[in-house]
1. In contact (Cβ under 8 Å) with a residue 12 or more places away in the chain, part of a helix (DSSP H, G or I) and within 30 Å of residue 41 (Cβ to Cβ) - does that describe any residue in the range 119-127?
2. Here are 78, 96, 105: which of them is surrounded by 13 or more Cβ atoms within 10 Å (Cβ to Cβ), touching a helix residue (DSSP H, G or I) at 6+ places or on another chain (Cβ under 9 Å) and in a loop (DSSP other than H, G, I, E, B)?
3. Could you tell me whether residue 10 is under 28 Å from the mean Cα position of the chain (by Cα) and not in a helix (DSSP H, G or I)?
4. Please enumerate the residues belonging to the range 54-75 that are touching a helix residue (DSSP H, G or I) at 6+ places or on another chain (Cβ under 8 Å) and either free of Cβ contacts under 8 Å to residues at least 12 places away in the same chain or assigned to a helix (DSSP H, G or I) (or both).
5. Where residues in the range 81-93 are part of a helix (DSSP H, G or I) and exposed (fewer than 15 other Cβ atoms within 10 Å of the Cβ), which of them is nearest to the chain's Cα centre (by Cα)?
6. With the structure loaded, tell me whether residue 48 is in contact (Cβ under 8 Å) with a residue 24 or more places away in the chain, part of a helix (DSSP H, G or I) and surrounded by 11 or more Cβ atoms within 10 Å (Cβ to Cβ) or whether it fails that test.
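Throughout, read-outs are computed from the coordinates displayed, never taken from laboratory work. Worth saying up front: this structure is predicted, and the values here are computed from it rather than measured. Virtual Cβ from ideal backbone geometry, glycine too; neighbours counted across all protein chains shown.
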């Protein structure tokens with residue numbers, strides 16, 4: 001059977017996987033490239049725009065990705081009285097699903113609302129757990145100090 005290669009960290013601390021690698025203090029070629037591009041940036045931009053205007057679709061796409069931000073969905077505010085009346089996350093989820101079933105909100109809006117309800121529930125759950133742990137630690141500390149007095 002062939003011997004397996006070690007998993008995890010195959011090199012000892014301070015030992016390189018490429019001992020003949022880049023020397024300390026060697027110039028970083030990325031900085032050189034940035035400087036070179038920086039001195040010609042205006043000419044490069046003008047050339048790219050000219051190519052895009054001449055129908056070079058790949059240049060057009062690259063420019064548009066840089067110039068036009070990705071459109072984010074803009075939603076109008078909605079009122080859901082059943083959601084406002086719901087007191088538990090489960091009731092809130094039921095109210096959202098009922099709104100979708102009735103056709104008052106779209107499934108994608110419902111998904112966003114359900115994600116918000118789930119996140120809020122996790123926040124409340126975490127806060128309650130922190131509070132419970134603090135109470136348990138305080139009770140354990142009291143028991144520990146009571147036991148120390150009895151001894």
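1. no
2. Of the residues listed, the single one that is surrounded by 13 or more Cβ atoms within 10 Å (Cβ to Cβ), touching a helix residue (DSSP H, G or I) at 6+ places or on another chain (Cβ under 9 Å) and in a loop (DSSP other than H, G, I, E, B) is 105.
3. Values: under 28 Å from the mean Cα position of the chain (by Cα): no; not in a helix (DSSP H, G or I): yes.
So residue 10 fails the test.
4. Start the filter on the range 54-75 by keeping residues that are touching a helix residue (DSSP H, G or I) at 6+ places or on another chain (Cβ under 8 Å), which leaves 59-60, 62-63, 75.
Those that are touching a helix residue (DSSP H, G or I) at 6+ places or on another chain (Cβ under 8 Å) and either free of Cβ contacts under 8 Å to residues at least 12 places away in the same chain or assigned to a helix (DSSP H, G or I) (or both): 59, 60, 62, 63.
5. As a first pass, look at the range 81-93 and keep what is part of a helix (DSSP H, G or I): 81-85, 89-93.
Pick out the ones that are also exposed (fewer than 15 other Cβ atoms within 10 Å of the Cβ) and you get 81, 84-85, 90-91.
On the way: 81: 31, 84: 29, 85: 31, 90: 26, 91: 28 Å.
Selected residue: 90.
6. Here the answer is no, as residue 48 does not meet what is asked.
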